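A.B. asks: What follows is a structure written as structure tokens; I'll ask about it next.
The values are calculated or read from the model by the stated rules, or taken from the named source; none is laboratory data. Owing to the predicted nature of the structure, the values given are computational and were not obtained by experimental measurement. In this analysis, Cβ positions are derived from the backbone assuming ideal geometry, glycine residues included, and neighbour counts consider all displayed protein chains.
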Amino acid sequence: MRRVYGRFAVDRPQNTACLGPGLPATLAGMSTRIFLIRHGATVLTAEDRFAGATDVELSDEGREQARRLAARLSAEKITAVYASPLGRTVETASIIAQPHGLEVVRRDGLREISHGRWEQMTRREVEQKYPEEAAAWEEDPYTFAPAGGESGLAVTARALPVLVEIVRAHRGECLIIVSHKATIRLLLSSLLGFDPRRYRDNLDQSPAALNIVDFKDAAHARLTLFNSTSHYSATEYSIPSVPTARLSKWWDETGK
């Protein structure tokens with residue numbers, strides 16, 4: 001398959017995991033490929049607020065990010081599209097699914113972490129109003145949850161079984177799953193054996209970022225692509241900037 005990137009045309013080998021029934025059964029069933037995608041930018045993204053359970057809309061920028069990712073994936077042989085039921089993920093998934101003529105299947109387990117009474121507050125506001133909770137969360141966001149919210153462990157407990165179920169139901173196929181920043185990072189931490197207590201510090205997810213996870217089977221996964229945003233970068237081969245202001249003090253240059 002020949003693809004054009006800007007002024008350059010390259011020969012791109014087709015992904016055998018997505019070629020479908022024309023392949024021998026031993027090859028077609030070799031792996032399942034998941035395009036694991038974060039939703040596009042929302043109207044609250046620039047404000048850097050806790051909005052996990054808040055059903056905010058995509059911004060115009062977020063819709064454009066999703067359209068560019070849809071174009072990037074348009075030639076892939078996608079067989080199913082799944083998404084969290086929140087509006088920002090469903091809209092992102094619908095845009096990406098359109099070239100393939102697929103309906104979006106909503107799965108509640110893929111929704112974002114709930115921050116309870118922190119929802120729609122900035123980190124500075126949380127630190128001022130609930131300093132003890134903020135300190136405990138910074139220390140271990142995997143087992144701690146703010147009042148009325150969820151821990152990272154709780155999110156993993158509901159999201160990972162859904163992902164495994166999807167992989168088992170689509171053996172040898174190529175799928176899209178649209179979820180959220182924390183949920184994706186927690187899933188990757190679990191699949192790859194990372195310390196989940198450090199998921200916020202060690203893993204980043206930009207809006208409309210593309211990750212590719214290949215499954216040999218439901219218990220064996222390999223991360224093939226991580227946090228790619230070249231589809232909406234200024235140039236096809238741009239290098240991402242160092243992350244800042246990601247709701248993680250470890251990476252926040254200003255320390256605010």
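A.B. asks: Residue by residue through the range 36-53, note down the ones that are of a type in the set (Val, Ile, Thr), under 13 Å from residue 89 (Cα atoms) and either modelled with pLDDT under 95 or in contact with a helix residue (DSSP H, G or I) (Cβ under 6 Å, 6 or more places away or on another chain) (or both).
C.D. replies: Selection gives 42 alone.
A.B. asks: Being out of contact with any Phe, Trp or Tyr (no Cβ under 8 Å at 6 or more places or on another chain), part of a helix (DSSP H, G or I), on the phi > 0 side of the Ramachandran plot and modelled with pLDDT of 90 or more, is that true of even one residue in the range 7-25?
C.D. replies: Looking through the range 7-25, none of the residues is out of contact with any Phe, Trp or Tyr (no Cβ under 8 Å at 6 or more places or on another chain), part of a helix (DSSP H, G or I), on the phi > 0 side of the Ramachandran plot and modelled with pLDDT of 90 or more.
A.B. asks: Let me ask another. Would you pick out the residues in the range 34-81 that are closer than 30 Å to residue 219 by Cβ, in contact with an Asp or Glu (Cβ under 9 Å, 6 or more places away or on another chain), among the β-branched types (Val, Ile, Thr) and part of a strand (DSSP E or B)?
C.D. replies: Selection gives 34, 81.
A.B. asks: Here is a follow-up. Considering only the range 130-147, state which residues are more than 12 Å from residue 113 (Cβ to Cβ), in a loop (DSSP other than H, G, I, E, B) and among the small types (Gly, Ala, Ser).
C.D. replies: 147
A.B. asks: Hey, can you tell me all the residues within the range 189-220 that are among the aliphatic types (A, V, I, L, M), in contact (Cβ under 8 Å) with a residue 40 or more places away in the chain and not in a loop (DSSP other than H, G, I, E, B)?
C.D. replies: 210, 212, 213
A.B. asks: Considering the range 205-256 alone, what residues qualify as being at pLDDT 90 or above, touching a strand residue (DSSP E or B) at 6+ places or on another chain (Cβ under 9 Å) and under 22 Å from residue 63 (Cβ atoms)?
C.D. replies: The answer is 205, 206, 207, 208, 209, 210, 211, 227, 228, 229, 230, 231.
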